[in-house]
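Trainee: Attaching a single structure in structure tokens format; questions to follow.
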Amino acid sequence: MEHASIADLWNRVTGTQPDPPWWLVVLVGAVALAAVLHGPTWRVARNTVTIAHEGGHALIALVTGRKLDGIKLHSDTSGVTVSRGKPHGPGMIFTAMAGYTTPPLLGLFFALLLAAGRITLMLWFTLALLAGMLVMIRNAYGALSVVATGAVVFLVSWFGSAEVQAGFAYLAAWFLLLAATRPVIELQRMRTRHMAPSSDADQLAHLTGVPGLAWVTLFGATALVALLAGGALLFPDVSLHLPTLPGR
């Protein structure tokens, strides 16, 4: 019985699910866009982007052999990831690059999973990422943000109907893809006002000698390319769902 239950759970997570109706994909895409454009909603939803941003810093720090001291997420949607190691070199450069590039690339990865019909796998992969990040959170607000996000994902993945799961998964993918550009714009706006002297772009400029604006451009280009590629994967072929007119 236990082996059967484990097998059933594995099949549930790794199996494929049918594509959601086209109107649902379009609807949640519109909701995601509205969340990015509407100021009050963005100030809340931006926490999701911050989690991905700081998680990207943390993951690459570990991959490149740096020692991760911890992550803090703040109520103003800012965050900080502290790692130890050489203050220069490829490890530090890739760690600094990872923040702004992770949300769009994660959104693109989600789009690939959804295009393959792996809706439940995408949701449980998200839970695994959040669980791994929670271990490294070092402040109460950060822990609350990650736990709350994980709780919502778990409730949808475990108790939601197939349509609810699909709508939520597509909403998450659309949001990461659409939201990734706005923080880059905000970053450059703050840089022009000399309000972000230690931003990721400026740290990279210090590490590499390449101007900070070039790094901001790279962040923006990554977000736009991921949006175009991910949007092509997510957007349904409406023509497949339109009635065929009878021939004369």
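Trainee: Please list, in order along the range 33-47, the HN-Hα scalar couplings obtained from phi with the Karplus expression 6.51 cos²θ - 1.76 cosθ + 1.60 (θ = phi - 60°), rounded to whole Hz, x for Gly and Pro.
Mentor: 5, 4, 5, 6, 7, 7, x, x, 5, 4, 4, 8, 5, 4, 4
Trainee: Moving on. Ranking request for peptides 82-88, 58-64: highest mean number of other beta-carbon atoms within 10 Å first, then the rest in descending order. Walk me through the numbers before you get to the answer.
Mentor: Working: 82-88: 13.0, 58-64: 19.9.
Per-residue Cβ counts within 10 Å, averaged per peptide and sorted highest first, yield 58-64, 82-88.
Trainee: Once you order the gyration tensor axes a ≥ b ≥ c over the Cα atoms, which shape class does the range 18-234 get: rounded for a/c under 1.5, otherwise prolate or oblate by comparing a/b with b/c?
Mentor: Values: a/c = 1.82, a/b = 1.48, b/c = 1.23.
Prolate.
Trainee: Next question. Compute the distance from the alpha-carbon center of the range 134-162 to that of the range 38-57, in whole Å.
Mentor: With the range 134-162 and the range 38-57 each reduced to a Cα centre, they are spaced 14 Å.
Trainee: Using a probe radius of 1.4 Å on heavy atoms only, what accessible surface per residue do you get for the range 42-152? Whole Å² is fine. Mind dumping the intermediate values first?
Mentor: Numbers: 5050 Å² over 111 residues.
Per residue, the range 42-152 has 45 Å² of solvent-accessible surface.
Trainee: Tell me the carbon and sulfur percent of the accessible area for the chain, rounded to whole percent, probe radius 1.4 Å. Provide the component values of the computation, followed by the final result.
Mentor: Working: 9350 of 13350 Å².
Here it works out to 70 percent.
Trainee: With r as the distance between the Cβ atoms of Leu62 and Leu144 and R0 = 25 Å, compute the FRET efficiency 1/(1 + (r/R0)^6) and round to 0.05.
Mentor: Numbers: r = 23 Å, r/R0 = 0.94.
Rounded to the nearest 0.05, the efficiency is 0.60.
Trainee: Quote the charge dipole size of the range 18-234 about the Cα centre in Debye, to the nearest 20; the model charges only the Cβ of Lys and Arg (+1) and of Asp and Glu (-1). Intermediate results must be reported in sequence, preceding the final value.
Mentor: On the way: 13 positive and 8 negative charges, 103 e Å.
About 500 debye.
Trainee: Residue farthest toward the positive end of the dipole of the chain, with Cβ of Lys/Arg at +1 and Asp/Glu at -1: which of Ile51, Trp22, Gly79?
Mentor: Gly79
Trainee: Under a 5 Å amide H to amide H cut-off, with H placed in plane at 1.01 Å, what residues pair with Ile137 once short-range neighbours are removed?
Mentor: For Ile137, the qualifying residues are Ile71.
Trainee: May I pose another question? Which whole-Hz ³J(HN,Hα) couplings does the range 58-74 yield from phi under the Karplus relation 6.51 cos²θ - 1.76 cosθ + 1.60, θ = phi - 60°, glycine and proline marked x?
Mentor: 5, 4, 5, 4, 5, 4, 8, x, 7, 8, 8, 7, x, 10, 10, 10, 10
Trainee: Please list, in order along the range 160-169, the HN-Hα scalar couplings obtained from phi with the Karplus expression 6.51 cos²θ - 1.76 cosθ + 1.60 (θ = phi - 60°), rounded to whole Hz, x for Gly and Pro.
Mentor: x, 5, 4, 5, 5, 4, 5, x, 5, 5
Trainee: Moving to a separate point now. Just want to confirm a number: the relative contact order over the range 18-234, from Cα pairs under 8 angstrom separated by 6+ residues, in percent. Could you put the intermediate results ahead of the total?
Mentor: Numbers: 290 pairs, mean separation 60.6, N = 217.
Relative contact order for the range 18-234 comes out at 28 percent.
Trainee: Amide H to amide H under 5 Å from Leu68: which residues, 5+ apart in sequence or cross-chain, H placed 1.01 Å off N in plane?
Mentor: Answer set, sorted by chain and number: Arg84.
Trainee: Let me ask something additional. Name the residue from Ile93, Tyr141, Trp158 whose Cα lies farthest towards the positive end of the charge dipole of the chain, charges +1 on Cβ of Lys and Arg and -1 on Cβ of Asp and Glu.
Mentor: Ile93
The values are calculated or read from the model by the stated rules, or taken from the named source; none is laboratory data. Since we're looking at a predicted model, the values are computed, not measured. With ideal geometry, Cβ positions are generated from the backbone for all residues, glycine too; neighbour counts draw on all protein chains shown. Heads up: the accessible areas ignore ligands, DNA and RNA and are worked out on the full protein's heavy atoms, side chains in. Shrake-Rupley method; radii C 1.70, N 1.55, O 1.52, S 1.80 Å.
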